[in-house]
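Below is one structure; the comments refer to it alone.
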Amino acid sequence: MIPSSYSLTMVRGDTFKFDLDLSGIDGEITGVALSIKKRDRDTEVLISKTLGNGIEEVKEGSGVYRVRVAPEDTRGFVGLHYIYDVQLTIGEDVVTPLKGDLTVVHDVTPN
């Protein structure tokens, strides 16, 4: 599977949610994971979300998953540009259907 590339923008320190429609994926999805890093070559993952920990299926059996990045996840971010990917576990296979750039803009109102 060649991943689709999609750029995301969020506000530092705000809740950020987006939905992933994976209903067209063949096979039973047993894992969904989001990872955010500063650079591709970095080994440190700054934010990691998984099923039951920031990722939930919107309606059981729908194949639509909601990713939630909590305000405390990005409060300490000082840069603007990051990268992310979404990986799925389908049986014994691990695939990356989505990856891209993440821009984190600074907020004006403190929270």
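Values quoted throughout were computed directly from the atomic coordinates according to the rules given, and no laboratory measurement underlies them. Small disclaimer: the values here were computed from a predicted structure and weren't measured.
Dividing the alpha-carbon radius of gyration of the chain by 2.2 N^0.38 Å (N being the number of residues), what value is obtained?
The reported ratio for this selection is 1.08.
Over what distance in Å are the Cα centres of the stretch 79-103 and the stretch 22-51 separated?
So the two Cα centres are separated by 5 Å.
Leaving out same-chain residues fewer than 8 places away, which aspartates and glutamates sit with a Cα under 14 Å from that of LYS59?
ASP19, ASP21
Full-extension gain between ARG68 and LYS17, please, as 0.36 nm times their residue separation minus the C-alpha to C-alpha distance.
Residue separation times 0.36 nm, minus the Cα-Cα distance, leaves 17.9 nm.
Relative contact order (percent) for the stretch 4-105, with alpha-carbon contacts under 8 angstrom and 6 or more residues of separation?
41
What is the set of long-range amide H partners of LEU46 at a cut-off below 5 Å, with H atoms built 1.01 Å from backbone N?
The list, which skips near neighbours in sequence, is ILE36, LYS37, LYS38.
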